[in-house]
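Quick note: the coordinates plus some simple rules give every number you see, no bench work behind them. Note that the structure is a prediction, hence the values are computed from the model and not measured. Glycine gets a Cβ as well: all are built from the backbone with ideal geometry, and neighbour counts include every protein chain shown.
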Amino acid sequence: MLPIELINGKGSIRKLAAWSRAHAVTHHRMGQDQTKQQIEKGLQLYQSNQTEKALQLWMKVLEKSSDLVGRFRVLGCLVTAHSEMGRYKEMLKFAVVQIDTARELEDANFLLESYLNLARSNEKLCEFHKTISYCKTCLGLPGTRAAAQLGGQVSLSMGNAFLGLSLFQKALESFEKALRYAHNNDDAMLECRVCCSLGSFYAQVKDYEKALFFPCKAAELVSDYGKGWSLKYRAMSQYHMAVAYRLLGHLGSAMECCEESMKIALQHGDRPLQALCLLCFADIHRSRGDLQLAQLKLHCLSESIYRSKGLQRELRAHVVRFHECVEETELYCGLCGESIGEKNSRLQALPCSHIFHLRCLQNNRTQSCPNCRRSSMKPGFV
């Protein structure tokens, strides 16, 4: 309502304009506060496992709110929620809308966050080349929080993409950077995520002791610092521990960890993690010789198939291709020349991220990396 002196014509045009601006600012702030309250209410619902109610509330805010910052935050919540539920196409859809909102806001920090969500969405959809491209865009944005806050998350997403492409050297370099960000900024949550990714990395290159060490470290971080974290961090660390225990032949421990991870995944409706746990259960039962349960196994190595069928020509072609891939990815020890990843062996990464057999490094007397000669022999973070 207008002040009485303005209604009666006693105020100047300038005073009327000033009042209008102040009224508009007050109304805008009230809208911001209401949007913020609705976002917080949705988060409370989501954390109490009332996922659908939280999503409905956030969608209403998205439809009705004209506050761009509030819309940006709601879209971030929707991206995260759909990621955890495994609805990756929906996740990507909201990430695209979010980047349009960030462009309207004309703020580099909002652009950074939205590009990171685009990178994560494409990572989940296995569009790894797009993930790497968006991560590079994040790192190239000037005047943002990347160096201090989000740079570690960008490096982690890039590392996961490189791992998906079997570019092990580049994956390890990215994980190394992400781990440095976590240590330098005391970011235990980021460190936990990096440790889970490193568990997957070392499982793939068949250093099973490190494949167990890193998710165990992640589980310690959850225990020490994760009181207010999402249970997904505990679930992921337990899953990666289960994989490593199975590879080491500790099937009882593998089953316990996998059951704990599956329990949390079922509780939160995390279907991707449920699928991973089912595959792990299948591997455990196959290792135990439970042949009927082993039929759950959805993927077998080509070499095993060809060998079992006696198809020698195809088997030889597969073995040749395997060694070609080893050469392409430089996945071999630079000291003894043997390929890494064919059998369980203890490995060591140097600060340059070149990988060697631990025994070879212990027997080697040079003071620099045998591959690049640029770094010392002192082990890196990973």
Legend entry - Gain upon complete extension [residue 149, residue 100; 0.36 nm per residue less C-alpha separation]: 15.4 nm
Inset, instruction - Determine the sum of side-chain charges near residue 208: Lys and Arg each +1, Asp and Glu each -1, restricted to other residues whose C-beta is under 11 angstrom from that of residue 208. - result: +3
Inset, instruction - Mind jotting down the three principal axis lengths of the range 36-141 based on Cα atoms? Whole angstrom, largest first. - result: 35, 30, 18
Inset, instruction - Can you check what the net charge comes to around residue 100, using other residues whose Cβ is under 14 Å from the Cβ of residue 100 (Lys, Arg +1; Asp, Glu -1)? - result: -1
Inset, instruction - Find out how many positive minus negative residues lie around residue 242, taking Lys and Arg as positive, Asp and Glu as negative, among other residues whose Cβ is under 11 Å from that of residue 242. - result: -3
Inset, instruction - Provide the FRET efficiency to the nearest 0.05 for the residue 344-residue 60 pair, computing r from the beta carbons and using R0 = 56 Å. - result: 0.60
Inset, instruction - Could you please tell me the mean projected area of the C-alpha convex hull for the range 30-84, averaged over all directions and given in square nanometres to one decimal? - result: 3.2 nm²
Inset, instruction - Could you go through the range 125-141 in sequence order and give the Karplus-derived ³J(HN,Hα) for each residue, using 6.51 cos²θ - 1.76 cosθ + 1.60 with θ = phi - 60°, rounded to whole Hz, and x for Gly and Pro? - result: 8, 6, 8, 5, 5, 5, 4, 4, 4, 5, 5, 5, 4, 4, 5, x, 6
Inset, instruction - List every residue whose amide H lies under 5 Å from the amide H of residue 332, counting only residues 5 or more places away in sequence or on a different chain, with H placed 1.01 Å from N in the peptide plane. - result: 340
Inset, instruction - Compute the distance in nm between two label points, each set 7 Å from the Cα along the Cα-to-Cβ direction, one at residue 133 and one at residue 165. - result: 1.1 nm
Inset, instruction - Provide the convex hull volume over Cα atoms per residue for the range 154-202, in Å³. - result: 54 Å³
Inset, instruction - Take peptides 271-283, 76-88 and line them up by average Cβ neighbours within 10 Å, highest first, as a rough protection proxy. - result: 76-88, 271-283
Legend entry - Estimated vicinal HN-Hα couplings, Hz - the range 176-188 in sequence order (Karplus 6.51, -1.76, 1.60; Gly, Pro = x): 4, 5, 4, 5, 5, 4, 4, 5, 5, 10, 6, 9, 5
Inset, instruction - Assuming R0 = 22 Å, can you tell me the calculated FRET efficiency for the pair residue 125 and residue 313, based on Cβ-Cβ distance, to the nearest 0.05? - result: 0.05
Inset, instruction - Can you grab the distance from the C-alpha centre of the range 102-127 to the C-alpha centre of the range 218-259, Å, no decimals? - result: 29 Å
Inset, instruction - Please give the FRET efficiency for residue 256 paired with residue 358, using the beta carbon to beta carbon distance and R0 = 30 Å, rounded to the nearest 0.05. - result: 0.55
Inset, instruction - Provide the gained length on full extension for the span residue 89 to residue 53, in nm with one decimal, where the gain is 0.36 nm per separating residue minus the Cα-Cα distance. - result: 10.9 nm
